[in-house]
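So the structure is just underneath, and the comments pick up after that.
Every number in this text was worked out from the coordinates using simple rules, so none of it is lab data. On a predicted model such as this, the values are computed, not experimentally measured, just so you know. Don't worry about glycine lacking a Cβ; one is built from the backbone with ideal geometry, like all the others, and counts go over all protein chains shown.
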Amino acid sequence: MECIMSSELPANLRALIESTEITDICFNRHDQVFYDSGQGVVPYEGIPIFAGETEYRNFVLEQISKSGKTWDAKLPFVDTVFFNTHRAHVAFPPLAQFGIYLSLRKLPRKQNTERSIAQTQALERWRESGEAFDILRFATLAHETILFAGGTGSGKTTLLNDLLSFVPEHERIVALEDTAEISPAHVHYLSLLSRTQNADGFGAVSLRDLLKQTLRMRPDRILLGECRGDEVLDLLQALNTGHRGTLATLHANSAKDALRRIELLALIAAKGTIPSSLIKELLAHGVQKLVFIARQQGVRKIETILQIEGIERDIIFTRPVFPTSKVPALHKETPSSYRL
């Protein structure tokens, strides 16, 4: 992927991009810019970055081309990476009513330093979460399969990257993503990216397609950037055929919601061919831990870690391992047949 040199960028945009504090930059149009430096989204009030809408549009189209993607009127949305440093989502008119919407999110920096430095940084980053990071570090080394749930920007991918810095270097890691975000400090790491169809309706490669290919690549670990489609069913089946140590992320509002979402995605993918009871069996036996992460006042914290204990009569039993509590581990049955 070609990377634009910093000198080619407008100086004020370069300052936003290179800032170590700013994680997100959002353009609603050429003259309406916002950014997030950990204190919430605030308006950019500096010197205008672009002279007008035409200059802004040309810039966006140029960066899309440099990233190896294409755009036309039949495909009003583009997901790619700009500058090799930021995930980019672009929405074009007429779906975007006020102009071109550009959302940039800084990718986790790929560690080029020694693994020991990456590990030290990881421990410091999650210090506020207490013993939670150590629990997950040891679970990762024990080849447990872990699902990371949380909202957008909560730190799911950051936590996944940090845990991977502790994985032994002889292990072969294969990541499947829609947009390249996973970037671990690991020497034996492979990345596969999905692809949308072209303007003629051909050429699409889904995460489900990539997962089928990955199983033929002798992975020691599979990383799934985001569980949100048919690939979830194949993943659950793979987890029950020896592919332990898998790490995956998904969007959810709570640990309870994450379990329900995984089951629902798998049921939709099965299209009535697999009963809900079997989906729950696959989930209960294939996944060992579920992590819920939240971002509060700009600080990312591991809020909950659940250990999946097993299943009985279609009820998935879980036990909280962080934070620990004196209340009974198995609570009253919920309408969704989970005990949390």
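Odds and ends about this structure:
- For Cα Rg over 2.2 N^0.38 Å, computed directly from the structure shown, the correct entry in [x] 1.13; [y] 1.05; [z] 0.97 is [y].
- Note on the chain: with a GNM built from Cα contacts shorter than 10 Å, the maximum mean-square fluctuation among 91, 139, 73 falls on 73.
- Using C-alpha pairs below 8 Å separated by at least 6 residues, the relative contact order for the chain is 14 percent.
- Dipole magnitude of region 6-106, debye to nearest 20 (Cβ charges: Lys/Arg +1, Asp/Glu -1, about Cα centre): 320
- Applying the criteria of a DSSP loop state and at most 12 other Cβ atoms within 10 Å to the GluC sites (Glu not before Pro) of region 165-209 yields 169.
- C-alpha long axis of helix 53-66 to longest principal axis of the chain, angle in °: 50
- Between residue 83 and 4, the built amide H atoms are under 5 Å apart, and every one of these is 5 or more places off in sequence or on another chain.
- In degrees, nearest ten, helix 255-270 long axis to first principal axis of the chain (Cα): 90
- Cross-link pairs 74/212; 74/106; 66/106; 256/301; 212/271 - those with Cα-Cα distance over 24 Å: 74/212; 74/106
- Among the trypsin sites (Lys or Arg not before Pro) within region 183-226, those in coil by DSSP and having at most 11 neighbouring Cβ atoms inside 10 Å are 216.
- Of the trypsin sites (Lys or Arg not before Pro) found in region 1-103, those that fall in a DSSP loop while having at most 16 other beta-carbon atoms within 10 Å are 74.
- Computed lengthening from residue 58 to residue 74, 0.36 nm per intervening residue step minus Cα-Cα distance: 3.9 nm
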